[in-house]
Every structure is written in C-alpha cells, then in structure tokens.
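The values are calculated or read from the model by the stated rules, or taken from the named source; none is laboratory data. Source: prediction; values computed, not measured. As a convention, Cβ positions derive from the backbone with ideal geometry for all residues, glycine included, and neighbour counts pool all protein chains shown. Just the protein is used for accessible areas: all its heavy atoms, side chains included, with ligands, DNA and RNA removed. Shrake-Rupley method; radii C 1.70, N 1.55, O 1.52, S 1.80 Å.
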Amino acid sequence: MMVTKELELEALLQENRHFEPSEEFRNNANVKTPDLYNESSEDRIGFWAKQSERLTWIEPWTKVLDWEPPFAQWFVGGKLNAAYNCLDRHLKSWRRNKAAILFEGENGDSRVLTYQDLYREVSQFANVLKSMGIKKGDRVTIYLPMIPEAAIAMLACARIGAPHSVIFGGFSAESLRNRIEDAQAKVLITSDGSFRKGNIVPLKSNADIALEGVNCIEHVVVVKRTDNKVAMQEGRDIWYHDAMKNAQLTCPVEPMDAEDVLFILYTSGTTGKPKGVVHTTGGYMVGVSTTHDWVFDLKEEDVYWCTADVGWITGHSYIVYGPLANGATVLMYEGTPDYPAKDRNWEIIEKYGVTILYTAPTAIRTFMKWGPSYPQGRDLSSLRLLGTVGEPINPEAWIWYHKYIGGERCPIVDTWWQTETGMIMMTPLPGITETKPGSCTVPFPGVKVEIVDQAGNPVPKGSGGLLVVREPWPAMLRTVYNDPDRYVSTYWSNWKEIYFTGDGAKWDEEGYFWLLGRVDDVINVSGHRIGTAEVESSLVDYPLVAEAACIGKDHEVKGQAIVCFVTLKEGFKVMDGLVDELKQHVGKKIGAIARPDDIFFTAELPKTRSGKIMRRLLRDIAEGRALGDVSTLADAAVLDFLKRKYNEEE
Ligand code: WTA
C-alpha cells in the first residue's frame, strides 16, 4: 500500500457546492433531527437493539453483540425467518393486497405481484425445493434474469433455511461452475434464456456447460421466459411451471437462528478465486431494513426502483430484503436503459409513477452522454428522491442527475457500502444532511467509519488515508465461505480489530467523506468489482500467453476500463486478430463485463525485485502520468519500453 502520498495529493481537490433538502422534504422526512447521530454514538449497542424491533422475531435475542475479533455474532439467541419478515407479516394488514413487485419486462410485458401473490409463489416454490430434498443449510444456486422468479427463488430458499448463492446472469459458464462447486450447491435455478437488447442470452445452455463434470447438483429448475429451445436432461431438469403445478400453497417457515446463514454472495478480490461472502440472518435483516427506511425515506405510497441486478449485493439488500421487509412497492425491470430506445428508464418512471430511483454513477454518465432530451421528453415529476451506489460519482454527473432527473427538487443520497458490509454504511439522511456533489457525506448512525494512516491512526480532518470500519456492525460479513483464514487475512490483518475496506478516502474540514477508489488492485467497471487476478488467470489460460498484468484505467463512462499487458510464450509472435481473440477468451471465461478494453503485448512486465508485478506503474503508463517511485523496479528499461509502446499504440 503505497497510496498515502497519492491520497494526500487528491485530497487537495475541492468541491464547494452544497445542497439542502427543501423545507417540505425536511418536514415530512422519516428522520427529522440529527439526534440519532448523538444517541447512536453514545450507545451504539442500544441503538441497534432498538432497531431490531422492526423485525418480527420467533424468539427474542438475549445479547445484542458477541464480539470475538474478528468474529461477530449479533442478536445472540434470537430466532427469526427472513421470508416471514418480508411476506407473512404483511398479510396481517391491508398490505396483503399492496403491490410488492411491479415487473416490467424488456419487451414491455408487465406483471404485478401483491404481497399475497408473492407469499403464495414463494411458499409453493419452497415446497418444490423441499420435494427435491433441500433442507436447512443446503445451498441453492440461482442463475436467473431480472424477473420476479429471481426474488421468489431467493425468498423460497430463505423460507426453508437454504442459503442461496445468486450468480449474475452476465457471468459465463465457467464462472458459474466455479461458484457452484465452491458452494457445493444441490439445486440450480435458471431460465431458458434472458432477454437482452432484443437478443436472448442462453442461460440454460451456459448452465449445461457449467454442469459438465459437476457432481454436487442434483436438480435444475428452469423458468420459461424466452421460449428459447433448451435441452432438458431427464431426471435432473424440470420446468418451473411444471414443478409449481403440484406444489402445496402453504409452507411453514424454518425458524432460523440470528446467526444462521441467509446467503453466500461471491465477490472479486485481488488474489485468487472469488470469495464467497457469508451473510447471516438477524443482523443483516436489521441492517438492511433500517437503512432502507431512513436512507430512502420510505413512505407507504412510494414506488421504489433500484436498477441493480439481483445478482449483486445491491439487488439482495435493496431490491429484495430491505424493501420487502419494509413492505415497499418495488419496481423490477428486466432490460437495459437503451432498449428499445434511450428513454426506456424515463418511460418506466412515467408509466409507474416511480418516486424513488436508486442507480449507479456509470448509468448516470451514460445518460449524460446521450443528452438531456431523453429525460426531458418524459414526465418525471413523480420522483422525489434519488440515490447512487457503486463508485464515486463525479460532481458533474451529480449535478446532471440533480438537474435533469431530479428536476432540482429531489435530494440525492450517495451511498457508500460493499458486498461485505451488507448494508449502506455512509450516506446522507435526506431530510437532514446537507449534500455536497461527489461526497457520500457521513457514516450512518450506529456505524463507525474512519480514515487512518498506514499505522492505523486516524488522520486529521482535511487529509486522506485508508478507509476502515472501527466497530462491528449488524450486517457485516461473518466469514468467507469455507475459508475463515481468508476472511481474517483479507479484511482484518492490517491492524488489530479494524476492518479494512480496500478503499482510499479523505475527509474534509467539515467531516464529510470523499471516496477516492480502491487502493488494492480490484478494478471497478461500471460499478462491478473485477479482480485483476481473475482476468490475468483467464489470459494466461490461453495457450500462447505466458504472463499477464491487468489494471483499471480511468474511463469516462464505465469509471474504469480494463487494460492488460501480456507477454507471449517463447517463440510466439503477435498475429493479426490475437487481440480480439484474447478479449473474447476473457469474455467467455468470466463474462462480458470482464472483457478487456485494451491489450498490449510486451516482452517483459515491470516487476519488483521479489517478482511482484508493479501494477501501479502500469496504471501510470496507461493513464499517461509521470511515473511514480521506480526504485524497487528490477529492470527499469522495461518501463521505458512499455511506455513508448503504449503511446505508439494509443
Ligand atoms: C465502491 C457495492 C464511492 C467502493 C454496494 C467499494 C463506492 C466497492 C460507492 C464495493 C460510493 C460503492 N462512492 N465508491 N457511493 N459505493 N463504492 O462490493 O470502492 O460491488 O469498496 O458493493 O464499490 O463494491 P461492491
């Protein structure tokens, strides 16, 4: 971590604009006074204990937190069920017939599921899973498009206590296989395909390839979505609609210990294979329901739209578990924002009267590029609150979002968090926090985030350093699936009892936080974390490639683009078409999101004397910056060569 200097430099950038919520918004907000900040910092444990009352518990907990660093247990002894909290309890009130999911398909088809409908489908599907022998603790992999069945499958797993592992539908067969094998899942739920910009992504065929040679999967449930022709393997594969026909309408909920696993979600790290981040039931549900209520200022009549895919943590926490626990109406859209036209998102907002929109900076930058005429052609007056997540938002994109989407009336909540944190950790509270474009403002009540130097000491206001979480929080990851050592070494080894986020940040004189991106080698493409190691291994997997180093380079729309430096094996020459072939190869191995933007060939890679590839230098070259400290570089000539070559090819 040689970042402190860079962070100090970046910390000089200043953004002085600020925005206050309107009088009207403030008066009606769920959180109206800053008292919560004081109360929660005086008694963090008491604060979270109080928030646990939002949930319906089967058995009350006896202790809020049991902390044996770095292993935490929250709400010890409590029993509850996540699906019960998202469904059953709402049936006792008028919410029974409230829309839980408003589904809009890519082709314009739509479906409304009330809480009662969703409850029934979830219960039936839970019975289907049970009939396949799934019991509490068994893992189920979900590989589906953004259709209601994705949420149904997740909640059905939660209902019977089977941890789910959702794999983003854009991942390749091989990525799917690795994740199925790591989790040793027994059932896979997929679909005959997924609509994407008028084409069909063949999820089931991918799944068939993924399952070759895999022994753990006993059954595959296939949702019919596209009518794409698929092969069904006798005895293993079954159509969702056929399985549901005979399934009973009610299914008792499994009482889960607060610390029983709710789900595993794979995320990229700097080294090795993706990590299975483990989230448990009680603390996670308390964390996501509290944050969803306060950050989005949720009102009973809101139409809430989070544009993330359920395959990412944002989809888990803020499409499914948080909003449904709070009885919200959630809009779910299957397709992309430019199909069939570039105003699709705005058309949807107009059609459903969406009031809250939660999206990613990369999407906002794309909308900016398309120009304001698309949102201006639609009625967006229903919107009252906007949110962003996934990467730092540039102040200009923030202002554009504020002006053209929010009509200068909607507060923007820039929410910082991670797969590992489970819940939003830093954010404005929209009725009270003055916002500054580009800053995620301050930690959520009950959350202790800090910026420290290399020694772990807090840095003074006005300077930058490494972003850490000082105290355990309820929705924190509990471990890495099957690999507690990796949990300890990845997150807790820099300093004792302090969680390291991997991000660099600064705080200004007023204590506002500004995120500066990752300080490790994780690349953030369009808000999706991609491990350099994964891309590099897939390149090296190609027969001609000897070695590869990948970095993230600033990109106007995607935030970062993947740039790879590749050396070929002895005796091989760069031939025409090799770049495209390598790009395709990575796309096939990991998924289209990991496809490199640029590939450069070089005879050597810059390495430290101990043989570590110096990605920092490659980044400098790729971004055309002056070189940083090269004193540890083994062969300085390599760099001159690389730099010249890069400039030539650009
Ligand atoms: C980045 C997504 C700046 C950060 C929920 C973090 C952000 C990583 C923000 C986690 C934000 C997320 N401002 N950076 N508001 N939100 N990030 O696990 O680098 O997919 O560590 O979780 O995204 O990505 P993940």
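Along the chain, counting only chymotrypsin sites (Phe, Trp or Tyr not before Pro) with a DSSP assignment other than H, G, I, E or B and at most 16 other Cβ atoms inside a 10 Å radius, the longest segment between sites is 1-491.
Given a 1.4 Å probe and every protein chain left where it sits, what share in percent of the accessible area of the range 23-505 is carbon and sulfur?
Here it works out to 48 percent.
Backbone amide hydrogens, once placed in the peptide plane, bring residue 260 within less than 5 Å of 281, 282, excluding anything fewer than 5 places away on its chain.
Helical runs (DSSP H, four residues minimum) scored at -39500 (n - 2.57) apiece and divided by the length of the chain put the mean residue ellipticity at 222 nm at -8000 deg cm²/dmol. Loop-resident GluC sites (Glu not before Pro) (DSSP state other than H, G, I, E or B) in the range 271-356 with no more than 10 further Cβ atoms inside 10 Å of their Cβ: 301.
Along the positive direction of the dipole of the chain (beta-carbon charges: Lys, Arg +1; Asp, Glu -1; about the Cα centre), which of 132, 372, 40 reaches farthest? Value computed over the given set: 132. Straight-line reach from residue 130: taking Cα to Cα under 30 Å and skipping same-chain neighbours fewer than 8 places apart, the lysines in range are 79, 92, 98, 186, 204, 224, 229, 245, 275. With all protein chains kept in place, the per residue accessible area of the chain amounts to 38 square angstrom at a probe of 1.4 angstrom. Distance from the Cα centroid of the range 87-158 to that of the range 210-271 is 13 Å (rounded to whole angstrom). Here the Karplus curve 6.51 cos²θ - 1.76 cosθ + 1.60, taken at θ = phi - 60°, turns the phi angles of the range 422-429 into couplings of x, 10, 4, 10, 10, 4, x, 9 Hz, with x standing for Gly and Pro.
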